[in-house]
Each structure stands twice: as C-alpha cells, then as structure tokens.
C-alpha cells in the first residue's frame, strides 16, 4: 500500500496572498511580504553572509518546483531558484482568517477554522485583569511577569532574573491567538509549568484563544537563559475530523513528528516523536525507512519560524533552508515506490519584513513521488485531499 509523508516547513511562505493587505505587522499591512522570495533575493544580493555565502542553495527544493511555485504565487522570479523541475508543484491559498499555526495546520489537514480566534491585541498589559488573576491563582503566586507582546527568546532574557527572584511565571502573547507561559525548569519546575498550562487551557479555549504554550527554559543571569525542547502546546481540539483522523479511522498507522500532535490535541495519532529540528529530521528518516505500508506521517519543522523568522534573521533562515534541503535530499532517495512526500508551509514569517510576527502568504506545495507536474493554484484544504486520495481514503465533504 502507498505511504504519505506530509512535511510542513513552518513559516516558509511564498508571498502573494490575495488578502494580505488585511493582515498587519506593527500597523503595516502584509501585502508584499514574501518569506522565501525575499530570502533568496537577499542571498543573491550579498545580504545574507553570516555563516553562509552567495545565492540561496536549495537544489532539491528547486527540482521539486520551489522557484516555479514562488513565481506562480507572487510573480517573483528569484535568482538561485531556477532549474529543471522533476516534482509536482503548486501554490496554496488559505481561507481561514488567521496567519497562525492552528489555522494553517487545520486547513492543510482539511478543516478551515470555523470561527474567529480571540487575540490579545494590546501590546502592553495584554491580558484582561480577570485572566491575570486566574493565572496567578493557578500558579500559586501573587502576580505574573511580562503581560505583553514579545518574542519568546527576548522575554526570558528580560524577565528571567526577576522570575528567579519572585517565582512569578512569565506570560506573553503575540499577533497570534496564543497565551504563552515561560518558567524555569528547575526553580519553578517543569511539571508545575505543564500543570499550570493544562489548567489555563480550558479557560483560554473558552475565549477562543487557540493555544496555551508551555515555554520552559534553563540558565541564569550570568550564563544566559535558553529555552529547552520540553515545550508543550495545549491547543483547542479541531471541531471535526481531519486528515489524521480519516487515516486512523481507516485503520492506518499515523505518526506525528514535531509539534503536530500538540496542534491537533493528540487526536488521530498512534505515535508522536519530538525534538529539535535536527532530531526531527532523524525521526523522519527513520519513518521513511520503517513506517508501515499505508501509513501517514505528518511532520512540522518549526525552527525556520521560531529561531529565524520571528528574530528577523535572514542569514539564519537561509542557513536553515540550506540544511533542510541537503537533509531532505538524502531522504528523497529512500522513498519507496508508491510513496509521496509533500512539502508545504502553514503561513509566512518574512525575516525582511517589519515587526516580528507571522506574515500572511501563500504556501508552496511540492510533491516528490508523482513525477513532474503542475498543480496550479490550489487551496490549503486541497493538500489534505491530495494526500487522502494517494492513500485511498475517502475525503469528507
């Protein structure tokens, strides 16, 4: 039986979203944002020379149709992304009114978000007083720290020392529908942090906040603070079955790699494998080698977004893309006859753009295992449909 590997390159958008002007970064519309296109341009112009050099080198993505998908999505023809195409390629447009992780992933799995998410729009004093009081009470503290929009790495540097002194959890948000809670794994305790986030999740979900995220870290003021891989997302469960459920209900083995299990509240997965992106690539390679016939593997590589997009690090993002391309090239040679591997994205996070938030963009859809072909302009939901058809699964209306 055929197998399918659906791999999300988190935030690797290709511009061109028709409604981008209605989404904002720091008051500036996202119209014109183009994550992969602008990175390729920066590389070609010598603007991404930290730890790498020259035009963007992603030959395997190019051979699958990345350059063609970029031009189809946004009209941009980028230096370094030209070459012979041996894969099936297209560009996907999202209909859900969000540029966040749950919206993108739910729709890629076949379910557009059926409601408007709740956002904490105020940059400072972001959370309402009653929510702050509930947070502090559940944490067993007299207050919280942060209460603002912030990048996750910056806020632990800013509030880490005070957190160690007071024991107050560091609570922050962004332009996404999210409540993030950071705490020191040792002084506050990892289990205590996870219990706090689990207790806050139903409160936030009732507000239509998409996720409560536990953000554990270690370190001190002298050596610096570092987030650990023990992050956990407490997400709203999708209100209807999605691709992973379709497969599991048909008796197929379904694997989640990365934060995929958390995004779907662990529904529809037989096994979840986590770690850094380097570790996740190892998990993906192992599953390409060993996963059962007829199985579905759904993977997310988050560090494009978390380490480089939000930090507006063009060189870092380019390095990550080149690493990913080399690794995925090795995996492509190990696919079995009848397998497909689909590469796509959930939103953009243009490191050349203003602000630090996601950008509203189309996503590439690149398929290995079906020969050369053109999908054209499709919807995010069509990604789930094409994977389901390959596996011989019925696609619900």
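Odds and ends about this structure:
- Average Cα contact separation per residue, region 111-201, under 8 Å, 6 or more apart, as relative contact order %: 27
- Helix 35-44 axis, angle to the chain major axis (alpha carbon atoms, nearest 10°): 70
- Each label point was placed 7 Å from the Cα along the Cα-to-Cβ direction; for residue 154 and residue 95 their separation is 3.6 nm.
- Distance between the 7 Å Cα→Cβ label points at residue 397 and residue 354: 4.5 nm.
- The ranking of 211, 77, 311 from fewest to most other beta carbons within 10 Å of each one's beta carbon is 77, 311, 211.
- Across all Cα pairs in region 79-140, the calculated P(r) in 10 Å bins from zero up to the longest distance comes to 16, 25, 25, 19, 8, 6 percent per bin.
- By the count of neighbouring beta-carbon atoms within 10 Å, fewest first, 14, 85, 144 end up ordered 85, 144, 14.
- In the chain, the DSSP beta bridges split such that about 40 percent are antiparallel, to the nearest 5.
- Fewest-first sequence of 353, 323 by Cβ atoms within 10 Å of each Cβ: 323, 353
- On Cα atoms only, tilt of 380-391 relative to the major axis of the chain in degrees: 60
- Computed extension gain for residue 279 through residue 28, at 0.36 nm per residue and net of the alpha carbon distance, reaches 86.7 nm.
- Helix 129-139 axis, angle to the chain major axis (alpha carbon atoms, nearest 10°): 90
- Overall shape of region 178-271 was characterised from the C-alpha gyration tensor. The equivalent ellipsoid obtained from it has semi-axes of 29, 16, 9 Å, in decreasing order.
- Shape of region 21-118 from the C-alpha gyration tensor: oblate (a/c of 1.5 or more and a/b not above b/c, with a ≥ b ≥ c the square roots of its eigenvalues).
- Anisotropy class of region 303-397 from Cα gyration tensor, a/c 1.5 cut: oblate
- Three-way shape call for region 244-333 based on the alpha-carbon gyration tensor, with the a/c threshold at 1.5: oblate
- Under the simplified labelling scheme, the residue 121-residue 142 pair shows an inter-label distance of 3.5 nm, with each label point 7 Å from Cα along Cα→Cβ.
- Spatially, region 350-397 and region 88-115 are offset by 9 Å when compared through their Cα centroids.
- A Förster distance of 25 Å, applied to the separation of the beta-carbon atoms of residue 186 and residue 266, puts the FRET efficiency at 0.40.
Values quoted throughout were computed directly from the atomic coordinates according to the rules given, and no laboratory measurement underlies them. Predicted model only: the values in this text are computed from it and were never measured. Glycine gets a Cβ as well: all are built from the backbone with ideal geometry, and neighbour counts include every protein chain shown.
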